[in-house]
Amino acid sequence: MIVASPIPLIELRQVYKTFGNQTVLRGVNLQIFEGDRLAVIGPSGTGKSTILRVIAGLLMPDQGEVLLKGVARRSLIEDADDPFHISLVFQQAALFDSLTVAENIGFYLYQHSRLSRQRIYQLVGESLEKVGLSDIRNLYPAELSGGMRKRVSFARAIIADPDSTEQKQTGIILYDEPTAGLDPIASTIIEDLMRNLGCKDATGCDSYLVVTHQESTIRRTAERVVMLYGGQVVWLGQVDELDESDNPYVRQFFNASVEGPIQAVH
């Protein structure tokens, strides 16, 4: 449930991004509010993952602004802290093969907090419990199934320094194709985790944005949907409006048709 607020948690204003001769984002405008559960959909190569990286502070737009609680971001995340915590869950989990599960999950805290190793180890265990895993802290990524690696990456995304003022503020989790390559049962487990993770208490959860092609993930995890094509927003609405929409991009995408405004890649 979106918490009513006059100021978006994150806002993109006329964002452009070009790589070489290819313009990937063309004037994207988007608002994400506290408590938002937003799915970003569209055909491959239309800028969805680029938006995630811009929001995460891994890329700066060539033109336009990214505002965090109304304040424009002026640098990459590595050069300045954001006013709230932003976690990015990569499509392929992006775990360090040479580190154990515990070392992967606690990596940020080992590097950037003053917590003792014993306290971090305890927090790792709590994060693993939240994603339904236990007794795997000493295993390596190669010893895990694809679904387990995804869940470990979720545990890494939600672990926080309890002494950090920044991490106690409202945050957002960005998911890049979290159910890609998983079987239907594993996908359902991941979707359920997405809906339940990040809850601070019984009344509210952190926001999340998910890039996905999978219809079950869209319908089970999102409340709002934004569709991109050609680096631009071509539709924005509630998830329950998808079936009734007469937008030609939405209709072609969900009908998997080669006929329509979306150019099929041969």
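Computed from point charges on the beta carbon alone (+1 for Lys and Arg, -1 for Asp and Glu), the dipole magnitude for the chain about its Cα centre is near 400 Debye.
Relative contact order, whole percent, for the chain stands at 24, derived from Cα pairs under 8 Å and 6 or more residues apart. For the chain, the longest principal axis of the alpha carbon atoms and the long axis of helix 146-158 meet at an angle near 80°. Using a cutoff of 8 angstrom between alpha carbon atoms and counting only pairs six or more residues apart, the relative contact order for the range 1-118 works out to 24 percent. Going by neighbour counts of Cβ atoms within 10 Å, the residues 32, 7, 41 line up, fewest first, as 7, 32, 41. Helix 184-196 and the longest principal axis of the C-alpha atoms of the chain enclose an angle of approximately 80°. Label-to-label distance, residue 60 versus residue 21, with points set 7 angstrom from Cα along the beta-carbon direction: 2.7 nm. Excluding the site residues themselves, the longest part of the chain lacking any GluC sites (Glu not before Pro) in a DSSP loop with at most 15 other Cβ atoms within 10 Å is 79-222. The angle between the Cα long axis of helix 117-130 and the main principal axis of the chain comes to about 50°, on a 0 to 90 degree scale. Here each label is just a point 7 Å from Cα along the line to Cβ, and for residue 99 and residue 140 those points are 1.5 nm apart. The length gained on full extension between residue 121 and residue 92, counted as 0.36 nm times the residue separation minus their Cα-Cα distance, comes to 8.0 nm.
Within the range 112-196, the ratio Rg/Rh, alpha carbon atoms throughout and Rh by Kirkwood, equals 0.98.
Read-outs throughout are calculated quantities, based only on the coordinates presented, and are distinct from any laboratory measurement. Because the structure is predicted, anything quoted here is derived from the model rather than measured. Virtual Cβ from ideal backbone geometry, glycine too; neighbours counted across all protein chains shown.
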